[in-house]
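Beneath this line is the structure, given in C-alpha cells, with notes to follow.
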Amino acid sequence: MTSTPKIWHATVLTLFPEMFPGPLGVSLAGKALALGLWALEARDIRDSATDRHRSVDDTPAGGGPGMVLRADVLAAAIDAADSAQDRPKDRPRLLMSPRGRPLTQSRVAELAAGSGPMIVCGRFEGVDQRLIEARGLEEVSLGDYVLSGGEIAAMALIDACVRLLPGVMGKLASGADESFSDGLLEYPQYTRPQDFEGRPIPEILLSGDHARVAAWRLAEAEALTRARRPDLWAARQAQTRPVQTRPVQTRPGQKRPKNATDG
C-alpha cells in the first residue's frame, strides 16, 4: 500500500490572519491552492496569549520606543502549530525580519523542495531575541527597507516558492530562464505589436535562428547584470573564473615534477 504524497504546506503565525490568503488566493498561486497543489494555514498569535486582553507584546528591556513581541506567547504559538498537525518537526522556521539574511532564488528553491515552512510575521519593534534562539528561527529579509509587519514579506516568500512547485507553472522552462536562475538578471522580453511608437522588436528575435537568439539573450542578460547588480556579476565571475595553479617551488638541484605547471 502506497501512501499519498504530502503537499507543500505553509504555516503563517501572524497577528492578522485575515490578511491571508490575500494575493496568494489569485493567479498562479490561487489556482494551485484551489487545486490542492499546496496548502496554507494562517494562525492567530493572540490565540496563545494567556490574559483576558490577549496581550502579545511588552515594552523593550532597557527602554526605548515601541513594543516587543513576547517570547512566551510566540513560543506557545509555535509549539501549538507544531502539535496541532502532522508536520515535520525539522521544517524550516522562518522569521521575516529586515535584519535577516537576504532571500535569494537558491534559498527559495530549497524551501520549495521541502515540505513547507513555518513563517513568523514580526510586528512592532521586533521579537524577543530569546525566542529566536530557543525556537531556532531563521531570520529572512526581502531587502534593505522596513515594512509595517512581516505579512507582506511572508506572502512574497510563499509566492516565490509556490510557483516552483510541480504542476503550478504551465511550462517548466519558464522558470529556468528567469532572473537569478543562472546568477544573471533576465534578458529583455518583447511581443506584438512588432513596432511600438517607433520602437521595433530587435531584428535578431525575428530571425528564427535559435542559436543567435540564445546568444543575444545571454549577452543582454550579462550586460544588464553588470550594470544593475555588480554584486551578482562579481559572484558569477568568481564562479566561472578558472582555478589558477600555483607554480611548484624546487630547491637548487631538485628536478621539477613532470606534471608541474606554472599556472
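Quick one: how many residues across segment 186-213 are assigned to a helix (DSSP H, G or I) and either exposed (fewer than 12 other Cβ atoms within 10 Å of the Cβ) or of a type in the set (Val, Ile, Thr) (or both)? Outline the logic, then answer.
Narrowing segment 186-213 to residues assigned to a helix (DSSP H, G or I): 203-206, 210-213.
Add one more test, that the residue is either exposed (fewer than 12 other Cβ atoms within 10 Å of the Cβ) or of a type in the set (Val, Ile, Thr) (or both), and what stays is 203-204, 210-211, 213.
Within segment 186-213, residues that are assigned to a helix (DSSP H, G or I) and either exposed (fewer than 12 other Cβ atoms within 10 Å of the Cβ) or of a type in the set (Val, Ile, Thr) (or both) number 5.
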Suppose the filter is farther than 25 Å from Lys89 by Cα and either assigned to a helix (DSSP H, G or I) or of a type in the set (Lys, Arg) (or both); does Gly62 pass it? no
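Is one or more of the residues making up segment 161-168 in contact (Cβ under 8 Å) with a residue 60 or more places away in the chain, loosely packed, with under 13 Cβ neighbours inside 10 Å, out of contact with any Ser or Thr (no Cβ under 8 Å at 6 or more places or on another chain) and not in a helix (DSSP H, G or I)?
Yes, segment 161-168 has at least one match.
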For segment 109-129, give me each residue that is among the small types (Gly, Ala, Ser) and part of a helix (DSSP H, G or I). Ala109, Ala112
Could you figure out which of (1) under 16 Å from Arg123 (Cα atoms); (2) of a type outside the set (S, T, N, Q); (3) modelled with pLDDT of 95 or more isn't true of Lys31? (1)
Do you know which residues across segment 1-45 are buried (at least 16 other Cβ atoms within 10 Å of the Cβ) and among the charged types (D, E, K, R)? Glu41, Arg43, Asp44
If I ask for residues that are without any contact (Cβ under 8 Å) to a residue 60 or more places away in the chain, touching a strand residue (DSSP E or B) at 6+ places or on another chain (Cβ under 9 Å) and either in a strand (DSSP E or B) or not charged (D, E, K, R) (or both), which ones from segment 86-108 would you list? Pro92, Arg93, Leu95, Ser97, Pro98, Arg99, Gly100, Arg101, Pro102, Leu103
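Can you find, within segment 34-59, the residue that is nearest to Asp79 (Cα to Cα) among those that are outside any strand (DSSP E or B) and in contact with an Asp or Glu (Cβ under 9 Å, 6 or more places away or on another chain)?
As a first pass, look at segment 34-59 and keep what is outside any strand (DSSP E or B): 34-37, 45-56, 59.
The next check asks that each one be in contact with an Asp or Glu (Cβ under 9 Å, 6 or more places away or on another chain); those that pass are 48, 50, 54.
Numbers: Ser48: 10, Thr50: 15, Arg54: 17 Å.
Among those residues, the one meeting the criterion is Ser48.
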Select from segment 83-127 the residues that are surrounded by fewer than 16 Cβ atoms within 10 Å (Cβ to Cβ) and more than 18 Å from the chain's Cα centre (by Cα) and write down the one among them that is farthest from Arg163 (Cα to Cα). Glu125
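Take the residues in segment 12-33 that are in a strand (DSSP E or B) and hydrophobic (A, V, I, L, M, F, W, C); name whichever of them is farthest from Ile78 (Cα to Cα).
Taking segment 12-33 as the starting set, the residues that turn out to be in a strand (DSSP E or B) are 12-14.
Filter once more, so that each one left must be hydrophobic (A, V, I, L, M, F, W, C): 12-13.
Values: Val12: 10, Leu13: 8 Å.
Looking at residues that are in a strand (DSSP E or B) and hydrophobic (A, V, I, L, M, F, W, C), I get Val12.
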Identify, by number, the condition in (1) within 19 Å of Ala134 (Cβ to Cβ); (2) in contact (Cβ under 8 Å) with a residue 40 or more places away in the chain; (3) in a loop (DSSP other than H, G, I, E, B) that Ile78 doesn't meet. (3)
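The values are calculated or read from the model by the stated rules, or taken from the named source; none is laboratory data. Since this is a predicted model, take the numbers as computed values, not measurements. Reconstructed Cβ throughout: ideal geometry from the backbone, glycine too, with neighbour counts over all protein chains shown.
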